[in-house]
Amino acid sequence: MEQDPPPDLDAYFDRIAYSGSRAPTLAVLHSIVAHHITAIPFENLDVLLGRGIDLAPAAVERKLVTARRGGYCFEQNSFLLRVLTAMGYRATPLSARVRRGQPRDFTPPRTHLFLRVEIDGVAWLADVGVGGLSPTRALRFDTEAEQATPHEPRRIVREDGRWFHQARLDEGWSDVCEFTMEEMPPIDREVANWFTSTNPGARFRRDLMVARAGEGGARYTISNGEFTLRRVAEGVVERRVMTTPEELLATLEERFGLVFPPETRFTVPGAPWPM
């Protein structure tokens with residue numbers, strides 16, 4: 001089978017403003033994860049524009065790096081997997097269920113991708129594609145202790161044969177996603193991507209979602225027509241309801257570096273006004 005060409009690391013590191021070492025160490029992994037999440041936003045805008053999501057490696061690289069766009073987990077973490085592999089890391093794609101805001105008795109679809117990275121015999125979780133809660137450093141698997149990040153504290157706990165990635169938020173420990181260590185090969189990513197981007201009931205088809213981490217514990221998010229800036233230490237710093245397509249496009253460019261033609265309109269069934 002013909003293998004995909006390696007990613008253009010120079011272009012990627014320029015995209016995320018990273019100029020450090022390329023040795024496959026833990027410190028470098030932490031730094032790349034942090035730079036990636038602050039530079040490349042999580043977003044589902046192509047779904048709402050009716051363009052579909054192409055997971056071919058060259059297409060993902062063009063979108064995230066060349067076109068300076070964002071994407072969701074199947075794009076972001078698939079590309080990070082290629083980057084880390086090219087750098088010499090031992091990385092494995094794993095499947096998960098996103099649980100944020102869901103009760104434990106509800107079973108969400110297994111439509112999330114993240115990475116297990118092994119360094120010196122220790123397993124770490126790297127996830128640059130779980131929206132406004134993407135952890136800004138790698139997380140160690142073999143401990144249930146609280147782990148500090150540049151943003152929210154995290155932990156990984158095991159219950160009833162499942163692992164739960166949790167973040168400590170205002171309301172206490174909150175589930176981010178659950179997983180069983182099952183690998184997610186490309187065909188499973190294709191199927192899950194098709195579901196999330198085409199099913200009329202899927203959230204990515206109903207709502208506009210954009211998120212990016214910033215320095216100083218900042219989190220920038222857009223949920224339909226509302227923009228929020230939150231800092232870990234201070235809580236919500238700014239919350240603003242946008243009321244026109246022009247204001248939305250200006251916010252996408254100013255806060256997230258996402259530039260669209262002025263006539264761009266998104267089809268958002270869950271939005272309070274035509275976007």
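When restricted to residues that are of a type in the set (A, V, I, L, M) and either in a helix (DSSP H, G or I) or crowded, with 22+ Cβ neighbours inside 10 Å (or both), the stretch 63-72 contains 2.
I'd like to verify a number: residues in the stretch 168-190 that are buried (at least 19 other Cβ atoms within 10 Å of the Cβ), of a type outside the set (D, E, K, R) and not in a loop (DSSP other than H, G, I, E, B), how many? Residues in the stretch 168-190 being buried (at least 19 other Cβ atoms within 10 Å of the Cβ), of a type outside the set (D, E, K, R) and not in a loop (DSSP other than H, G, I, E, B): 3 in total.
Elements of the type helices (runs of 4 or more DSSP H) sitting completely within the stretch 1-62 and holding at least 1 residues that are under 20 Å from Gly216 (Cα atoms) and at pLDDT 95 or above: these cover 26-39. Checked against (1) touching a Ser or Thr at 6+ places or on another chain (Cβ under 9 Å); (2) acidic (Asp, Glu); (3) touching a residue at least 40 places away in the same chain (Cβ under 8 Å), Glu178 passes all but condition (1). The condition of being without any contact (Cβ under 8 Å) to a residue 12 or more places away in the chain and hydrophobic (A, V, I, L, M, F, W, C) holds for only one of Val241, Val232, Val268, Val236, that being Val236. Cβ-Cβ distances below 9 Å connect the following pairs, each with a first residue in the stretch 3-20 that is touching a residue at least 24 places away in the same chain (Cβ under 8 Å) and within 14 Å of His35 (Cβ to Cβ), a second residue that is surrounded by 13 or more Cβ atoms within 10 Å (Cβ to Cβ) and of a type in the set (S, T, N, Q), and a separation of six or more residues or different chains: Ile16/Thr38. If I filter the stretch 51-71 for residues that are of a type in the set (S, T, N, Q) and either touching a strand residue (DSSP E or B) at 6+ places or on another chain (Cβ under 9 Å) or under 26 Å from Trp173 (Cβ atoms) (or both), do I get at least one hit? So far as the stretch 51-71 goes, no, none of its residues is of a type in the set (S, T, N, Q) and either touching a strand residue (DSSP E or B) at 6+ places or on another chain (Cβ under 9 Å) or under 26 Å from Trp173 (Cβ atoms) (or both). Considering (1) under 17 Å from the mean Cα position of the chain (by Cα); (2) closer than 14 Å to Leu84 by Cα, the lone condition that Pro41 does not fulfil carries the number (2).
The values are calculated or read from the model by the stated rules, or taken from the named source; none is laboratory data. Just so you know, these numbers come straight off a predicted model, no measurement behind them. Note that each Cβ is placed from the backbone with ideal geometry, even for glycine, and that neighbours are counted across all protein chains shown.
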